[in-house]
Amino acid sequence: MNTDAVGDAERSRAALIAGVVCYSFWGLVPLFFLVLSGLGPRAWEIMAHRTLWALPAALVLVLLAGQARHAAAVLRDRRTMAWLLLSACLIAVNWLAFTWAVTNGRILESSLGYYLNPLLNMAAGALLFRERLDRFGKSAIVLAAVGVAVQTLATGGVPVVALTVAFSFCAYGIVRKRVRAEAQTGLFVECLFFLPFSLAFIWWLQQAGGGHFLSGVAPALLLALGGPVTAIPLALFAWSARRLPYSTMGFLQFLAPTISFGVGVMSGEAFTPLVAVSFAFIWAGAATFAYGAWRKLRAATPTAEPVTVPAE
């Protein structure tokens, strides 16, 4: 028996499990925010604590990954820090839009945004990096565009939350692609940028009598858990993405919005026939994207292409 082949198979299986757990974790995050918001905190307070407590969690990940010297080098590089400041602004918009959506009964719309994200990535690759779109990619984008149009009719307005979630995360991915910083280090530096604003807002909120961190053990514990909830799936993603083919990660990324969609429906959000039609087009676009990725995977050489890991 070839022990190297067995070892490779076991590592691939472990990476696949880590990827499934990661995206499942992200898909279930709305449940965490729903429970937390039920104790009183709203989107801005949750966001402030999430970014605050993600900092020590990210620091632990940096140390566990042996990236302390890398992080120190990044902190001394002005150009890299400027790019990370921009990525921090973009991911802050994404996190806040998602948190607001969950705490305001718009989980379905947020899941729509994450269905759109990989399709936007394809479009951005074609426009910005001159990557060639095949017929499956073009068809997927057209189907998604029709889905957004139907969603506009269904809700009586443009799905601003979905588009904000999708475009902010797409732009974040583009920026992080240019940054010479590992995933854990990038998140740590981004959280450093958030730190003064998070502390100032939390202090002001507590002084104004609107803070919930000191109102009881349960809200304090859940607000602090927002940090690990942010950092743990990132660690799983970073580990699995480097060991799985890009196309496999392309399939897995639809797992999170599918679970979030289920959470939204089970929480009682309106799912009208017209909304169902809009999602049908989005799902058709996602299926077309996945089929195109599968065809590319079959045509590729056995050697898996390494994946560039984003910071979120």
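When GLN207 is tested against (1) over 23 Å from VAL35 (Cβ atoms); (2) buried (at least 17 other Cβ atoms within 10 Å of the Cβ); (3) among the polar types (S, T, N, Q), exactly one condition is not met: (2).
Of all residue pairs spaced 6 or more apart or on separate chains, those with beta-carbon atoms under 6 Å, a first member in the stretch 167-193 that is buried (at least 22 other Cβ atoms within 10 Å of the Cβ) and a second member that is at pLDDT below 90 and not in a helix (DSSP H, G or I) are ARG176/PRO310; ARG176/ALA311; ALA183/VAL309; ALA183/ALA311; GLN184/ALA65; GLY186/ALA311; LEU187/ALA311. For the stretch 114-140, residues that are in contact with a Leu (Cβ under 7 Å, 6 or more places away or on another chain) and crowded, with 20+ Cβ neighbours inside 10 Å total 2. Taken over the stretch 107-161, the criterion of being among the small types (Gly, Ala, Ser), touching a helix residue (DSSP H, G or I) at 6+ places or on another chain (Cβ under 7 Å) and farther than 30 Å from PHE32 by Cα is satisfied by ALA123, ALA124, GLY137, SER139, ALA140.
When the stretch 141-166 is limited to residues that are under 18 Å from TYR291 (Cα atoms) and among the β-branched types (Val, Ile, Thr), the one that is surrounded by the most Cβ atoms within 10 Å (Cβ to Cβ) turns out to be ILE141. Of the residues in the stretch 234-245, none is over 30 Å from ALA290 (Cα atoms), surrounded by 15 or more Cβ atoms within 10 Å (Cβ to Cβ) and either out of contact with any Leu (no Cβ under 7 Å at 6 or more places or on another chain) or in contact (Cβ under 8 Å) with a residue 40 or more places away in the chain (or both).
Those helices (runs of 4 or more DSSP H) of the stretch 1-102 in which at least 3 residues are among the acidic types (Asp, Glu) and without any contact (Cβ under 8 Å) to a residue 24 or more places away in the chain, considering only elements entirely within it, cover 3-37. Please verify whether the stretch 43-55 includes one or more residues that are among the aromatic types (Phe, Trp, Tyr) and in contact with a Phe, Trp or Tyr (Cβ under 9 Å, 6 or more places away or on another chain). Checked against the condition, which is being among the aromatic types (Phe, Trp, Tyr) and in contact with a Phe, Trp or Tyr (Cβ under 9 Å, 6 or more places away or on another chain), the stretch 43-55 yields at least one hit.
The values are calculated or read from the model by the stated rules, or taken from the named source; none is laboratory data. Given the structure is predicted, the values throughout are model-derived calculations rather than measurements. Reconstructed Cβ throughout: ideal geometry from the backbone, glycine too, with neighbour counts over all protein chains shown.
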